[in-house]
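Taking it in order: structure first as structure tokens, then the write-up.
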Amino acid sequence: MIQFPDSYDTIEVPAGGVVRSGGTDLQQRLRAENARPTIVDLTGVDGFAGISSSPDGVRIGGGTTMAAVAAELDASHPALAIATGSLATPQVRAYGTIAGNLTQHTRCWYYRHPEMSCFKSGGDSCPARTGRHLYGVVFDRGECVHPHPSTIAMALLCYETTLILADGSSKTMDELLGDGNDPTRDHLLADGDVIAAVHVEPGWTDERGAYFRSISRFEAEWPLVEAVVRARVDDGVIAEVALAVGGVATVPLRMTAAEAILVSSELTDETIAAAAAACTEGANPLPETGYKVDLVLATVTETLERLRAAGE
Amino acid sequence: MVAIQTTVNGEAHELQLDGHESAVDVIREQLGLTGTKLVCAGGVCGACTVQIDGTPAVGCLTPATALRDREVTTVEGLGTDGDLHPVQRAFMAHDGLQCGYCTPGFVVDAATFVDRWQREHGTSEPDRHTIADALAGHLCRCGAYEGIYRAVAAACRGDFASETGVSLRVDGRAKVTGDAVYTADVYPDDALEAVIVRSPIAAGTVGPISSDSAEHLVDLLDDDRRVRYAGQPIAAVAAPTLIEARQLAADLSVRIEPAPFVIDPDDALASDAPLVYESRAAKKTAPNAAEGPMAPARWQGNLRGPNPTPWLGTLAKRRVKKARSQGAKGHVALHFETAVQLHSSFEPHATVADWSDPDRLRVWTSTQALDHVAHELADHFGVEPGKIDVVSDFIGGGFGSKLSVTPDMTAAIELSRRARKPVRLVLSRAEELTATGNRPGSRTDVDMVVSDDGDLDAMVLDGQSLTGVSINSPYTALATLVYGRSPRLARDSDIVANAPPGTPFRGPGGPTYAWALEQSVDQAAHQIGMDPIDLRRRWDGNDKRQALYDWASNLPVWSDRPATGTQTGRYQRGVGIASGNWLYMVDPDTEVEVSVCHGRLLVRNATQDMGTGSKTVLARAVAGVFDVPVADVDVEIGRAGSRALHGPTSGGSRTTASIHSTAIEAAEKLKAEVGVDLGSAEGASATATRGGDHSMRPVPITFANLQLGRGFSAAVHVSEVEVDTLTGKTRVVSVHGGLAIGVPHARELAISQCEGSIIQGIGLALYENQILDPHSGVTLTSNLEDYRIPQLGDTPEITIHFHEPGWEHVPGGGVGLGEVATISPAASVGNAIFNATGHRPTTLPVRPDRLLEGLR
């Protein structure tokens, strides 16, 4: 069964049904699970795709592709644009959407394996915790040990962001993600909730942004650790800054301690080192993820160096 | 159901959809456009890329409903008016392909990139980074990346804007247009789809299998009803559609009485470990991980071996003991580990069987051992000669995993026999990455004693292969064949566990021994303060490799290498060398026929081309004799059965050396008979048989269709790396590969294969790692996101050098190279990392986590 609602008012997701935007996560899972749920396909909803600007900021329709976000917000929201343009592959960015990216399911190899069961697939344990978790969290906050998959969620943490749902209600990013303690959830939207749009505050004047992901290969690999930063720099001194790190916890983390070090400072090697070190505070790695403490340092360092270079 | 309108390759279609389908399935199955391939099913490899309104999309993740009211272009529609797109011509002319299975996706995407590039930049040439960035959504397992770079750059320059590119491969055009039909592309009318039911647990005894609804069910278990690894085939079922077949499989009532099992090799060696093979009879059923015959060996629990390969072994042990007690400067004692590597052929194991006519069994199967498999299947099913035809026209990669009769073959044939309908059985990516074999992991202890002036005094290697449920994966024995005749002892063991079976994998044991031996040699050179090439020159009795050392030592990258451990910055550059050694094998029973058919030359036998170029080798050989263009020769291989002439298995690097000279001999016979005027020679033919080499001495070992010939093939690889000591990431910057395999019979294709072997070696060195759940034995890396193979952007600048003398006793003067080219790349990367950082990476793959720990 498939439904094509043409307006937000007519979206009705039946029990066991799923909503589909670009399909870049769902189609993979449907094949793996040999599943045929009722699909509510949102691509025909009026106004679902597209970016519009106003003095209040930008409204990114939930069905806007990642390629469009990367291309159109390049000047106003460079951190969001660069991070979005660095994820997945060109083909996935061309069809995957921002709403889908925020609500994709975890990429944990246990969750995705049909022979395995875990909290998120209806089970009552995390087999990765007692099994293999090489790509797992380094800030261990709940029973699930796989990092949140959304690079865009990490980037949006750096802005005043409001999610507008199809029923007209709104949620903050914190309300979307929670604190990562609930191992059964990738996000806290209710079944049938649809992200109609993402509203992001206006960029700062002359805002700079930088992003880096640590991976083993060239590109197109889930990050071991990733970091994003946006900043406004006056006369070489950071006036405003926001920094977030991903690949490290069941939710992406805003790094306020590091921001406190950076603000009102110049981006010297020493400041960068201190900010990077601050990002590792509270890390409690799993047996296989100790290396990610080093990688948080490395990734934040590289990200801030890129931020510095962006101003030169 | 929903009906949508779409335009595909300019033609309007109405599609009836459930809504859950992905575009790739509809394009292949409803529209019959099988050029678009399904490989990873996860948006990683790009083989299913099509253009939707001009924008590349992955067909596996694109809902079919998204094609509504769109213009879709597949590889079949890429060209215009019967002419190819310039990118297709460039891929043919620069050999941007081997097996061809990833090629349609690459060219469909590259075409949009080239068109956009030329609009924005004219005919300037993009750099490699730009190309890699644009094509980051594609993978190629053969490693044709150098050719892909060359092709895309040339197309951007406008090299192929008007001219018709000449294909280096005789089957290049079929591969760049999507016309090449692989087994997975064969969809007979009225065919059933079959799936294999697999064990979800690592060990147990399976009860009777029955199903209310499985009309077509075949049991695949041995008489003992035991399963020994998670993923082992139990049964197969067939149904009209794949979704129904999978549902049948899920609903099948299979009772498995679980048994104790062991996954971890250390646990497997514990005195109270559950035995994988509980009896002498059970041990006899263990699969063979090697290509050759099995030497007998003792078992102690789950340990099989050690099997010693000694040469003055007692003396070697005594010298090691003495050097250790004296703390000798030239005593190297290192422990090495390698990870299990998965073949990851892009075309999965696949068989289509049609036994609807009881008097004729037709089989399409993806195999690198066509003739062998055809005979085995005829025997197994009791089919008379002449009543079975087996086809393997195009093979989407094999790498050693497709050398024998596999469950997909027997299941599809048996199901077709029962159903009296054609049956398709194509493995999923998860199955392919779980249960179709692997290069066993290993743990090696090396003791090497080198005198202060650089003599090799002794060498003792202890190797344990982590073979899963297979046995017989000796590799340290290969290390004894390389350097001189000083005292040495190699002891090989298998540790069996309830893990997926090891199988042959391109140069079985080769990269594994080299990872340990070549780094130990490098370490010895470091400890005694000698140049690593000079040290090898002292020991190496192979003239051909001596010539390669001369070549390597003159490379600027080698002479300019830094002193080990002297760098302090974030990025550290290093250069490493390693050598490789392999056996020369040939199939003396190979027959080749050259005939005149429809006024053209036709060369044929029952071998196959899995991207290695055998079709091209045959065509060029015959064209050379008749002095005609290669395009004037037709090649018919990939068919075994009634009219077949024996063709070699593509394993043991034997194909080229078996077919090349035989084709020349047959062509010369035909030419002597009919001259060069083919017009009056219709139907004439001549056949030749390979036989032995010139002045061949009695060969030490002969198996069926395989002779071990005289001489060792040789390789030397020099790799340059850049290590980011902050992030732990290693980038291979350049690799120089030197090969002494005599004359390469299709030079450009030989270069492609050597380049691909370097790229696979980089995968082994840095990325590839099968990971099992320790508590269940389930393969976690059963997808191409978590099983990480090299990308286009990971490709170093590669230079290939051939040293050609030394094979004059072989007709044609050259031998195979698929394996010797793959032995030393990974070890050379390991030595380069040591040169760069002063840290010797002993465990594969050298992932960021391991490197960061090593550098800490």
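Among A:GLY178, A:GLY282, A:GLY209, determine the one that fluctuates most according to a GNM of chain A built with springs between C-alpha atoms less than 10 Å apart. Most flexible of the set in this elastic network: A:GLY282. State the percent of C-alpha pairs, over all pairs in the protein assembly as shown, separated by a distance greater than 59 angstrom. Value for the protein assembly as shown: 11 percent of Cα pairs lie more than 59 Å apart.
Restricting attention to the range B:636-687, which GluC sites (Glu not before Pro) occupy a DSSP loop and are surrounded by at most 14 other Cβ atoms within 10 Å?
B:GLU682
The average projected area of the range B:49-154, computed from the convex hull of its Cα atoms over all directions, is 7.0 nm². Kirkwood radius and radius of gyration were both taken over the C-alpha atoms of the range A:208-310, and their ratio Rg/Rh is 0.97.
For chain B, the pair-distance distribution built from all alpha carbon pairs, in bins 20 Å wide starting at 0, is 15, 48, 33, 4, 0 percent.
For the range B:186-198, putting each phi into the Karplus relation 6.51 cos²θ - 1.76 cosθ + 1.60 with θ = phi - 60° gives couplings of 8, 10, x, 4, 6, 6, 8, 9, 10, 9, 9, 8, 10 Hz, in residue order, rounded to whole numbers and with x for Gly and Pro. Legend: residue pairs B:LYS615/B:LYS671; B:LYS37/B:LYS402; B:LYS37/B:LYS729; B:LYS175/B:LYS615; B:LYS387/B:LYS669; B:LYS329/B:LYS729, Cα-Cα distance threshold 25 Å; pairs beyond threshold, B:LYS37/B:LYS729; B:LYS387/B:LYS669; B:LYS329/B:LYS729. Computed on protein heavy atoms with a 1.4 Å probe, the accessible areas place A:VAL45, B:VAL743 in the order B:VAL743, A:VAL45, largest first. Computed about its Cα centre, the charge dipole of the protein assembly as shown is approximately 3820 debye, with only Lys, Arg, Asp and Glu carrying charge at their Cβ. Please identify every one of the trypsin sites (Lys or Arg not before Pro) in the range B:252-321 that sits in a loop by DSSP and has no more than 14 other beta carbons within 10 Å of its own beta carbon. When the trypsin sites (Lys or Arg not before Pro) of the range B:252-321 are filtered for loop state and at most 14 Cβ neighbours within 10 Å, B:ARG255, B:LYS284, B:ARG298 remain. Karplus-based coupling profile of the range A:57-65, in residue order and whole Hz: x, 10, 10, 9, x, x, x, 6, 6, with θ = phi - 60° in 6.51 cos²θ - 1.76 cosθ + 1.60 and x standing for Gly or Pro.
Counting only protein heavy atoms, what percent of the accessible surface of the range B:1-146 is carbon or sulfur at a 1.4 Å probe?
Values: 1910 of 4510 Å².
Within the range B:1-146, the accessible surface is 42 percent carbon and sulfur.
Along the axis of the charge dipole computed for the range B:360-444 (Cβ charges of +1 for Lys and Arg, -1 for Asp and Glu, origin at the Cα centre), the listed residues B:ALA419, B:GLY397, B:PRO440 are led at the positive end by B:ALA419.
Amide H to amide H, with H built 1.01 Å from N, B:SER734 comes under 5 Å of B:GLU720, B:GLU797, counting only residues 5 or more places away or on other chains. Sorting the Cα pairs of the range A:105-162 by distance into bins of 10 Å, from 0 upward, gives 22, 48, 22, 8, 0 percent per bin. For the pair B:ALA161 and B:ALA250, the difference between a 0.36 nm per residue extended length and the Cα-Cα distance amounts to 26.8 nm.
Among A:HIS187, A:HIS113, A:HIS199, the largest mean-square fluctuation in a Gaussian network model of chain A (Cα springs under 10 Å) belongs to A:HIS113. Here's the picture: charge each Lys and Arg Cβ at +1 and each Asp and Glu Cβ at -1 in chain A, and of A:VAL233, A:THR65, A:GLY136 the one pushed furthest to the positive end of that dipole is A:GLY136.
Projected over every direction and averaged, the convex hull enclosing the alpha-carbon atoms of the range A:31-178 yields 10.6 nm². Taken per residue, the accessible surface of the protein assembly as shown reaches 35 Å², heavy atoms only and a 1.4 Å probe.
Histogrammed with a bin width of 10 Å, the alpha carbon distances of chain A distribute as 6, 28, 35, 23, 8, 1 percent, first bin at zero.
Cross-link reach is defined here as a Cα-Cα straight distance under 28 Å, omitting same-chain residues fewer than 8 places apart; for B:LYS322 none of the lysines meet it.
Could you tally the net charge around A:GLU302, taking each other residue with its Cβ under 12 Å from the Cβ of A:GLU302, Lys/Arg +1 and Asp/Glu -1? So the environment of A:GLU302 carries a net charge of +2. Across A:SER76, A:SER216, A:SER264, mean-square fluctuation computed from a Gaussian network of chain A (C-alpha pairs under 10 Å connected) peaks at A:SER216. Here the sum of -39500 (n - 2.57) over DSSP H runs of 4 or more residues, divided by the residues of the protein assembly as shown, equals -8000 deg cm²/dmol at 222 nm, to the nearest 500. Hydrodynamic estimate: the Kirkwood radius of the range B:501-640 over Cα pairs, inserted into Stokes-Einstein at 37 °C and 0.692 mPa s, corresponds to D of 167 µm²/s.
Taking the range B:457-548 on its own, what percent of its Cα-Cα pair distances exceed 17 Å? So the pairs more than 17 Å apart make up 56 percent of the total in the range B:457-548. Using only side-chain charges placed at the Cβ, +1 for Lys and Arg and -1 for Asp and Glu, the dipole size of the range A:220-260 relative to its Cα centre rounds to 120 debye.
The values are calculated or read from the model by the stated rules, or taken from the named source; none is laboratory data. Keep in mind it's a predicted model, so treat the numbers as computed, not measured. Ideal geometry is used to build each Cβ from the backbone, glycine not excepted, and the neighbour counts take in all protein chains shown. Side chains are part of the model used for accessible areas, which takes the heavy atoms of the whole protein and leaves out ligands, DNA and RNA. Shrake-Rupley method; radii C 1.70, N 1.55, O 1.52, S 1.80 Å.
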